[in-house]
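All remarks here apply to the structure that follows.
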Amino acid sequence: MKSLGSIRRSFAPWNDPGAVPYIRFENVTKRFGDYTAVNDLSLDVYEREFFALLGASGCGKTTLLRMLAGFEEPTAGRILLDGQDLAGIPPYRRPVNMMFQSYALFPHMNVWGNIAFGLRQDRMPRNEIRQRVEEVLKLVRLEQFALRKPHQLSGGQRQRVALARSVAKRPKVLLLDEPLGALDKKLREQTQFELMDLQQDLGLTFMVVTHDQEEAMTMADRIAIMDRGEVMQVATPAEIYEAPASRFVADFVGNVNLFEGTVAGREDGRTRIADDRGMSLLVNEAGGAPEGAGVAFAIRPEKIRVSSARPAAAVNAMEGEIYDIAYLGDMTVYHVKLPDGRIVKASALNAARTSDDPMTWNDRAWISFAADAGVVLTR
Amino acid sequence: MNAGWSRFNVASVSVGFAFLYLPIVLLVIYSFNASRLVTVWAGFSTRWYVSLIHNESMLAAAWVTLRVALLSATAATVLGTLAALALTRYTRFRGRVLFSGMVFAPLVMPDVIIGLSLLLLFVALGFDRGIVTITLAHITFTMCFVAVVVQSRLLSFDRSLEEAAMDLGATPVRTFFQVTLPVIAPAIVAGWMLAFTLSLDDLVIASFSAGPGATTLPMKIYSQVRLGVTPEINAICTILIGIVATGVVAATLVNRRRELRRQRDEQAAHAP
Amino acid sequence: MAGAAPTASRPPAAGARGGPGARIFAAVAGRLVIMVPYAWLLVFFLVPALIVVKISLSQMAVSVPPYAPVFDPGGGLAGLLDAVRQFSLENFAWLMDDPLYINAYLSSLMIAAVSTALTLLVGYPVAYGMARAPATIRPSLLMLVILPFWTSFLIRVYAWIGILKPEGLLNQFLLGIGVISQPLVILNTNTAIYIGIVYSYLPFMVLPLYATLEKMDGSLVEAAQDLGCTRTGAFWRVTFPLSLPGVVAGCLLVFIPAVGEFVIPDLLGGSQTLMIGKTLWNEFFANRDWPVASAVAVLLLLVLVVPIMVFQKVQADAQEKGR
């Protein structure tokens, strides 16, 4: 099987049948009165994974994280950490530490005090605490700020203190709730890679909650897409992007075109999808859908080629009119209107400074794509 | 609200504050009046301050008042803080509505009712009325003011600080003493000062709950007012005002200095 | 350091995070937090209230204590029932028949209502001006409003005697500049009480109003003006309605205690003015009629029950919003 995307991962314990999951959510449900935040959710996370929970607000991702940290107890189901059932164990006895969205730095203590706080609760000897705090300060490059109080620090510095505080006790699992949300764009990009490096160096298991796709796609080994308390798909970023499991996932991450139709038959190992408005596509994978089943063909804009003339060797080609153009500098997104009224998004990289096939609004144009350029979705 | 003072605004604030402070200013001025009559100015003199020092009963009353205020303020702060915690942290317990009603009712209830009811209690229990009963009465009616102040601080308190503490290994009790308490401390201090002032100032409740043995300063002043005043009253009032004003001004200055230093620190943090 | 295995966290020392002992302590501590203030308030607030009710149903007696019946724990259940049988609503009937008391209640309500309205009239512009002040001086203004509150209430009321009496400073001033030819009689009238209440309770009105006005979104007024409102129009249609919660809170904080106010009518009001606080005091200290005084208190509480419940609801709502 060709590997999806251009990145080969050598770290993939989820593919190893012998690997035992480090964190296991078993049929976890959480209800607040009438409202169900998490619904019969099961999930496995492996040791040393950088795992992301991605979803819109209200999808239950933060609730799941808080249940792992111990601030909420599941209404039903179990949570296991390294084989141990966490039920009834309060947060101050779990080998799990959390980095809060608002950082939650203690305002009446300086940086040193904040970092040492957790170590003091363990009644560590004084000199060991000092050693550890200095270690951690060096890790996040805040040595000169040790005596400052939180209000004397910038936003980025506060974030690093929060991070330092949460790794000081060498927890088995580090939970991060929207860690980059409060940072500006430049800082966010820089911090993303710093977090990834930190995770590798410390060998910890990270679990991140975020609503930002880019963040999840950049940092995570695997992502769980959540919606309304349920997991829609758990996979690597490449798999999620190139092989989404449902319309929801396909639409959630990045841009996608969905061609709805029914399976109309098979030709030379490929499947034909057609609809009653004259569309007819020839695609590779049909996901085992039987003839007559209602399916959607999901294809990303960058996999569709736009040209002013019909390309000779295209397997799928349709003619339409350029309805709208969005020039984004590094690429151009064409909105092409097909005769049946459907609008298809196709993007082209501006790889050269001039275009050899310039098109403008209302021009006649052809969109074309290969048979393996997208996936067939049955859900 | 956008800042932007119109002439009407300036006028109304000035008039309002003048109204508020005029009687106090006049009181202070006339404490230095050489004449006995409050309304005829006869020249500057400090004789009333001198005679005040020799006024044994007045000084004794002041001493009683001070002791009662210190004791009751401290006890009321403890009880009021506990009440505020109970109301904000425990959202469901039996009798919560009754508890909440009892905590906030004294805020608005007329003093005469509070005073009368407490006196009847002391009589029914056979307590001898004196300093102890005044203190108990003061604790009861000032604790609700403390509760209001502390509760308001607790409501805006960031709970994630407590969660962070627990996440790092602190039990709920340790979290309270190491994180929550230090952060809400200013509100608790403010509550103490409020309870202290209310106790210092109270006439009605003290009158009901005091016995023949105890007289507080407000009670003394009140009885003197009925009999006919000398500017000695003005003198002691001026002293009290002076003490309070100094305390408040000092506290404000200390706060201002701290605020400025904090602002300077924050600016330094954002510099490259 | 790099690459340290995640399972290297040291096991907590025995008792470091507390075993079952710590958990029991936490549970007990939680109970105590509620029980201690609750118990105090039950003993020193609720029980006294019940006692007032009980005594209001009793008769005056020349004895110590000066009321009958007295519960005798030694008398057992029979004694208890006997005492209860002696309860009567006599005092209440007497109060409600006597026009003096009815007038006192009505007059108190009226005076409190007028004073509240006046306080609102004076306090609103002050609070509004403070809210519109430049941000740097707002804390100072706030402190200046609170400062008189920290000085003695009794003293400040007393100061007004010197100002309002016929030979007082106000009359001296007005006579001096020729506005009047005869001294105004203000002291010992209802007017003096109004002035006294407005003066003493002004901070209680200004503070909640200021808090509400200060938090208001100024862009709402700008939006109103952008849509064609004049400045005064914008005030009445946008600012004032939005400040109503503060208005209600301030009015209740003034009205309810003012109804039962004693010091101000006593010092500034004179014998003509009828206020129920004074009446209660006289019944108790002058007439030594504890049962009647208790009945007066119970009726006063009944009169105030509706405003007090409104106030409790406003408090509870504010608590909800604060969550």
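Here, each number is a calculation from the coordinates, and none is a lab measurement. Worth saying up front: this structure is predicted, and the values here are computed from it rather than measured. Every residue, glycine as well, gets a Cβ built from its backbone with ideal geometry; the counts of neighbours run over all protein chains shown.
Key figures for this structure:
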{"read-out": "3J(HN,Hα) from dihedral phi, region B:83-96, Karplus parametrisation 6.51/-1.76/1.60, rounded to Hz, x for glycine, proline", "value": "4, 4, 4, 4, 6, 8, 9, 10, 7, 9, 8, 5, x, 5"}
{"read-out": "FRET efficiency, A:Lys337 to C:Ala223 (Cβ-Cβ, R0 51 Å, nearest 0.05)", "value": "0.80"}
{"read-out": "Between region A:322-358 and region C:237-309, the alpha-carbon center distance in angstrom", "value": "77 Å"}
{"read-out": "Karplus (6.51, -1.76, 1.60) ³J(HN,Hα), θ = phi - 60°, over region C:117-129, in Hz, Gly and Pro reported as x", "value": "4, 5, 4, 5, 4, 7, x, 4, x, 5, 5, 5, x"}
{"read-out": "A:Glu230 long-range amide H proximity, modeled H, under 5 Å", "value": "A:Asn39"}
{"read-out": "Sequence-distant lysines (8 or more away, or on other chains) whose Cα lies within less than 27 Å of C:Lys278", "value": "B:Lys220, C:Lys54, C:Lys165"}
{"read-out": "Principal-axis tilt of helix A:155-167 within chain A, Cα atoms, nearest 10 degrees", "value": "70 degrees"}
{"read-out": "Qualifying trypsin sites (Lys or Arg not before Pro) for region A:222-331 [loop in DSSP, other Cβ within 10 Å: at most 13]", "value": "A:Arg277"}
{"read-out": "A:Ala87/A:Thr36 FRET efficiency (R0 25 Å; Cβ-Cβ; nearest 0.05)", "value": "0.80"}
{"read-out": "Low-density loop positions, chymotrypsin sites (Phe, Trp or Tyr not before Pro), region C:79-157 - DSSP coil, at most 16 other Cβ in 10 Å", "value": "C:Phe87"}
{"read-out": "For region A:13-250: relative contact order, % (alpha-carbon pairs under 8 angstrom, 6 or more apart)", "value": "27 percent"}
{"read-out": "For residues of A:123-129, the mean tally of beta carbons on other chains within 10 Å", "value": "2"}
{"read-out": "Sites matching GluC sites (Glu not before Pro) across region A:257-349 that sit in DSSP coil, with at most 13 neighbouring C-beta atoms within 10 Å", "value": "A:Glu291"}
{"read-out": "FRET E, pair C:Ala117, B:Leu181, Förster distance 41 Å, beta-carbon r, rounded to 0.05", "value": "0.45"}
{"read-out": "Helical mean residue ellipticity (222 nm; -39500 (n - 2.57) per DSSP H run of 4+; nearest 500) of chain B", "value": "-25500 deg cm²/dmol"}
{"read-out": "Given 16 as the ceiling on other Cβ atoms within 10 Å, longest exposed-site-free region of chain B for trypsin sites (Lys or Arg not before Pro) in DSSP loops", "value": "B:95-272"}
{"read-out": "Helix-only mean residue ellipticity at 222 nm for chain C, each DSSP H run of n ≥ 4 adding -39500 (n - 2.57), per residue, nearest 500", "value": "-21500 deg cm²/dmol"}
{"read-out": "For residues of C:124-131, the mean tally of beta carbons on other chains within 10 Å", "value": "6"}
{"read-out": "Peptides B:235-248, A:20-33 ordered by average Cβ neighbours within 10 Å, highest first", "value": "B:235-248, A:20-33"}
{"read-out": "Residue-by-residue Karplus 3J(HN,Hα) for region A:13-28, coefficients 6.51, -1.76, 1.60, Hz, glycine and proline x", "value": "x, 5, 8, 8, x, x, 6, 9, x, 7, 10, 10, 9, 10, 6, 7"}
{"read-out": "For region C:90-322: relative contact order, % (alpha-carbon pairs under 8 angstrom, 6 or more apart)", "value": "28 percent"}
{"read-out": "Of A:Lys138/A:Lys169; A:Lys149/A:Lys172; A:Lys185/C:Lys215; A:Lys30/A:Lys61, those spanning more than 21 Å from alpha-carbon to alpha-carbon", "value": "A:Lys149/A:Lys172; A:Lys185/C:Lys215"}
{"read-out": "Separation of the A:Asn284 and A:Arg141 label points, Cα + 7 Å toward Cβ, nm", "value": "4.3 nm"}
{"read-out": "Partner chain coverage, peptide B:98-106 - average Cβ within 10 angstrom", "value": "6"}
{"read-out": "All aspartates and glutamates inside 20 Å of A:Lys337 as judged from Cα atoms, apart from same-chain residues fewer than 8 positions distant", "value": "A:Asp251, A:Glu260, A:Asp275, A:Asp276, A:Glu302, A:Glu319, A:Glu321, A:Asp324, A:Asp357, A:Asp363"}
{"read-out": "Sequence-separation-based contact order of chain B, relative, with Cα cut under 8 Å and 6+ spacing, percent", "value": "30 percent"}
{"read-out": "Residue-span extension gain [A:Ala264 to A:Asp363] - 0.36 nm each, minus C-alpha spacing", "value": "32.5 nm"}
{"read-out": "Likely footprinting exposure, C:Cys229, B:Cys144, fewest C-beta neighbours within 10 Å first", "value": "C:Cys229, B:Cys144"}
